[in-house]
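Any read-out appearing in this document is the output of simple, stated calculations on the displayed coordinates, not a laboratory observation. If you're wondering where the values come from, they're calculated on a predicted model, not measured in any experiment. For neighbour counting, all protein chains shown are included, and Cβ atoms are generated from backbone atoms with ideal geometry for every residue, glycine included.
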Amino acid sequence: MFSPLRQVVLLTGVMACINAAVVRNSRGTCPPFTSKPDFDYLQYAGVWFEIEKIPVSFEEGMTCIRAIYDEIAPNVISVLNTAVLADGNLTDIYGSAYQPYPETEPGHLIVSFNARAGGADYYVLDTDYVTYAAVYNCVSIGEFKVEYAWILARANSLSPEELTFARNVFIANGVDISTFEPTYQDSKCVYFP
């Protein structure tokens with residue numbers, strides 16, 4: 001049997017390995033980012049296309065990624081993420097998100113999916129509701145940080161100027177965008193429902 005201290009160290013190591021397989025991790029601490037202080041989840045509802053992201057293993061090989069949000073109760077929205085898998089099959093996952101602090105931090109949501117336990121923080125750094133959204137989260141674990149980020153758009157592309165504007169939201173929050181990768185979106189994408 002391991003001592004309590006060894007159990008904590010072992011558990012921390014296992015969690016770091018699991019997180020490394022799911023999201024980007026690197027040395028350093030999380031930047032002091034802030035979510036949109038006047039975020040309105042009702043204006044945010046609707047269809048969003050993934051334009052760029054920090055690569056994550058749970059989206060590996062996926063293209064034509066899209067999210068659909070809709071209010072299901074006050075401060076609670078449904079989440080439907082859809083994509084095309086590398087083999088051409090369609091995939092989706094349903095979940096929900098809620099605002100844990102709607103009065104003081106409305107741009108902070110907790111997202112959970114039916115197939116996964118628990119929830120994950122989802123911070124809308126900024127959005128104009130009609131063109132782009134910048135979504136981020138970062139957690140410090142010892143000397144490492146685990147982060148994920150998405151640039152979303154109401155259409156399946158952004159103009160170069162709009163994309164630069166969205167990237168600059170991350171830069172202004174201290175996020176390194178050098179690892180961002182584009183998500184394949186074009187007129188040949190199949191979206192459902």
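For region 44-167, the dipole from Cβ point charges (+1 on Lys and Arg, -1 on Asp and Glu) about the Cα centre works out to 160 debye, to the nearest 20. Straight-line reach from K36: taking Cα to Cα under 25 Å and skipping same-chain neighbours fewer than 8 places apart, the lysines in range are K53, K145. Packing-based ranking of 32-45, 177-190 yields 32-45, 177-190, ordered from highest to lowest mean Cβ neighbour count within 10 Å.
Among the listed options (1) 49, 34, 33; (2) 46, 41, 38; (3) 56, 43, 35, the one matching Cα extents along the principal axes in Å as calculated from these coordinates is (3). Under the convention that each Lys and Arg Cβ holds +1 and each Asp and Glu Cβ holds -1, the size of the dipole of region 108-158 around its Cα centre is about 180 debye. For the chain, the longest principal axis of the C-alpha atoms and the axis of helix 4-22 are separated by about 20°. At what distance in angstrom do the alpha carbon centres of region 140-193 and region 43-107 lie from each other? Cα centroid to Cα centroid, the span is 13 Å. Given a Förster radius of 25 Å and the C-beta distance between V190 and E71 as r, what FRET efficiency does 1/(1 + (r/R0)^6) yield to the nearest 0.05? About 0.40, to the nearest 0.05.
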